[in-house]
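Right, one structure below, let's go through it.
Rule-based calculations on the coordinates, nothing more; no lab input. Here the structure is a predicted model, which is why all the values come from computation and not from measurement. Cβ coordinates were reconstructed from backbone atoms using ideal geometry, including for glycine residues, and neighbour counts include every protein chain displayed.
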Amino acid sequence: MDLKTKIREIPDFPKDGILFYDITTLLKDPVAFKRVIDKIGGLYDSDGIQKVVAMESRGFILGAPVAYRLGAGFVPVRKPGKLPSDVYEARYELEYGSDSLAVHQDAIAPGEKVLIVDDLIATGGTVAATVQLVKQLGGIIYGIAFLIELTSLRGRNKLDGYNVISLLSY
């Protein structure tokens, strides 16, 4: 199955000059959605992943079923103010400013083996902030997996030293 055929491309969204890769068309196809979860999960089946970490919000859609497949816990990384207990926060830069992400302070025990999952890597700021949070908690980052990588934006460069995979590249 060519997964790229399941992703809708929307020009000039959310603003002029941006080509948006809409994964909702893939998600509504049960065979394609299962294939993505099985491909990502299958890469880590025998690696003893203890926690899958995913970023708000589309990362949750992929991260939670991957965690289920691996028999691992799921850790949501959210925007500040969205988690009810004590959190650590990490700031990251965007092309037009900065933003922050937060994780519960008790989400990952020191030494736990972690897989980070997200739908897309562009400039890499979001995932780099997530890496920072996982390291702050003492987790061991075993891998970082994406459905889509926008290679021209070189976000992977912010992840040197980590095992990074993407199922699709544009």
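Mean silhouette area of the chain, derived from the convex hull of its C-alpha atoms and averaged over all directions, reads 9.7 nm². Placing a label point 7 Å from the Cα of Ile165 along the Cα-to-Cβ line, the residues of the stretch 128-143 whose backbone N sits under 20 Å from it are 128, 131, 140-143.
How much of the pair distance distribution for the stretch 1-79 lies past 14 Å, counting alpha-carbon pairs only, in percent? The proportion of pairs with Cα distances above 14 Å equals 66 percent. In loop segments of the stretch 1-107 as defined by DSSP, the chymotrypsin sites (Phe, Trp or Tyr not before Pro) with at most 16 further C-beta atoms inside 10 Å of their C-beta are Tyr96. Could you let me know the centre-to-centre spacing of the stretch 73-87 and the stretch 1-34, using Cα atoms, in angstrom? Between the Cα centres of the stretch 73-87 and the stretch 1-34 lies a distance of 27 Å. Of the beta bridges in the stretch 47-169, as assigned by DSSP with both residues counted there, near 30 percent are antiparallel. Given Gly48, Gly81, Leu115, which one lies farthest toward the positive end of the charge dipole of the chain, if we put +1 on the Cβ of every Lys and Arg and -1 on the Cβ of every Asp and Glu? Positive-most Cα among the choices belongs to Gly48. Pairs of Cα atoms under 8 Å, at least six residues apart: use those to get the relative contact order of the stretch 47-169, whole percent. Once divided by the residue count of the stretch 47-169, the mean separation gives 24 percent. Qualifying GluC sites (Glu not before Pro) in the stretch 77-170, where qualification requires a DSSP coil assignment and no more than 15 other C-beta atoms within 10 Å, comprise Glu95.
Selection among Gln105, Gly63, Ala32 by position relative to the dipole of the chain gives Ala32 as farthest towards the positive end (Cβ unit charges, Cα centre). Calculated FRET efficiency, Arg58 to Lys135, Cβ-Cβ distance, R0 = 30 Å: about 0.85 to the nearest 0.05.
Dipole magnitude of the stretch 47-169 about its Cα centre, charges +1 at Lys/Arg Cβ and -1 at Asp/Glu Cβ only, in debye to the nearest 20?
Working: 12 positive and 13 negative charges, 24 e Å.
Around 120 debye, computed over the stretch 47-169.
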